[in-house]
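The values are calculated or read from the model by the stated rules, or taken from the named source; none is laboratory data. This one's a predicted model, so the numbers in the text were calculated from it and none came from an experiment. FYI the Cβ positions are ideal-geometry reconstructions off the backbone, even for glycines, and counts take in every protein chain you see. To get the accessible areas, we keep the full protein, side chains included, count just its heavy atoms, and leave off ligands, DNA and RNA. Shrake-Rupley method; radii C 1.70, N 1.55, O 1.52, S 1.80 Å.
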Amino acid sequence: MEEYPRSLAEFEAWFDTEQACRDYLFRLRWPGGFRCPRCAGAHFWPVRSVLMQCQACGHQTSVTAGTIFQDTRKPLVDWFRAMYWLASQKNGASALGLQRVLGLGSYKTAWTWLHKVRRAMVRPGRERLNGIVEVDETYLGGLEEGVRGRQTERKSLIAIAAQEDGAGIGRIRMKRIADASADSLMPFLAETVEPGSTIHTDGWLGYLPTEKKGYVHRVTFLKGQKESASELMPRVHRIASLLKRWILGTHQGAISHEHLEFYLDEFTFRFNRRRSRNRGKLFYRLVQQAVVVEPAPYKSLVRCAAAAADANHNR
Ligand SMILES: [Zn+2]
């Protein structure tokens, strides 16, 4: 059963204490009842207010252990507010926005939180796209035109897969790739599209082994045709332009290429749920995924938070 707040007022009424947040996490993490992470035992003794000790093996755990909330010194109430706010921003959120809304002391904290929550935007083991899927690559950053398929210092190459849904777009997947060779594109296909599906690409050589990898390959050659690329592959081109507009609009173009994956994940999360009217449901999905995602590699986040803070300072 999906249990989520239907309005901001309901959200505030539900999650006004640490205990209320913990109970909610508990229900989302163990919908079928407690399971010891070590031995899968179903029974525990409560230890103080936050720990649970397995009755079978004695292992102590908490509802936040092994999740993105692990080792946090901030109240869960604040985390929940950050996640609700993130879910209710139609066009995504910036660290500066989060800092203002939560009244966080430092930009660095806001930045780190956002990146931790973004990790929860990809559900582990999510299903792959299927049916007919358009696939193409696009560059992000840098204005200069280059030779196709090479990443430069100022540009990142992004592979985009967009599922056809009648004339519209179904679900999408995106990933930063090293280059547009078959060695980079084929693993992207394997990761994002169900074998047996139809892959629609242009005539680029990197897609040559597509059929050998178990897909039906539909190729549209652009050369010599009157239509432009955006007419022949309308879905991926629409995604690419929305992505670029989003990065310029919400983030003023100021995202580091090193952390591009996080932003691609947020864009994909929002795009694939764009028809969901209820923001509370988005919040629910986010929390649900947050309790199954491993804690962020904190050191790597911090190193980049410092860089982000500097960049922000200089802006
Ligand atoms: Zn146990």
Matching option when the condition is over 19 Å from Asp136 (Cβ atoms), open to solvent by 80 Å² or more (accessible area, probe 1.4 Å) and either modelled with pLDDT of 90 or more or basic (Lys, Arg) (or both), among Lys223, Lys212: Lys212
Residue that is most open to solvent (accessible area, probe 1.4 Å), among those in the stretch 56-74 that are within 16 Å of the ligand (Cβ to nearest atom) and in a loop (DSSP other than H, G, I, E, B): Ala56
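Do you know which of the residues in the stretch 41-55 that are among the polar types (S, T, N, Q) and in a loop (DSSP other than H, G, I, E, B) is nearest to the ligand (Cβ to nearest atom)?
So the residue we want is Gln55.
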Residue match in the stretch 46-54 (condition: at pLDDT below 90, more than 21 Å from the chain's Cα centre (by Cα) and not aliphatic (A, V, I, L, M)): yes
Arg35, sole failed condition from (1) open to solvent by 30 Å² or more (accessible area, probe 1.4 Å); (2) closer than 17 Å to Asp78 by Cβ; (3) free of Cβ contacts under 8 Å to residues at least 60 places away in the same chain: (2)
The stretch 99-146: number of residues that are at pLDDT 90 or above and crowded, with 19+ Cβ neighbours inside 10 Å: 7
Residue match in the stretch 15-29 (condition: within 16 Å of the ligand (Cβ to nearest atom), at pLDDT below 95 and surrounded by 14 or more Cβ atoms within 10 Å (Cβ to Cβ)): yes
Condition check for Arg38: in a loop (DSSP other than H, G, I, E, B) and either at pLDDT 95 or above or within 16 Å of the ligand (Cβ to nearest atom) (or both): yes
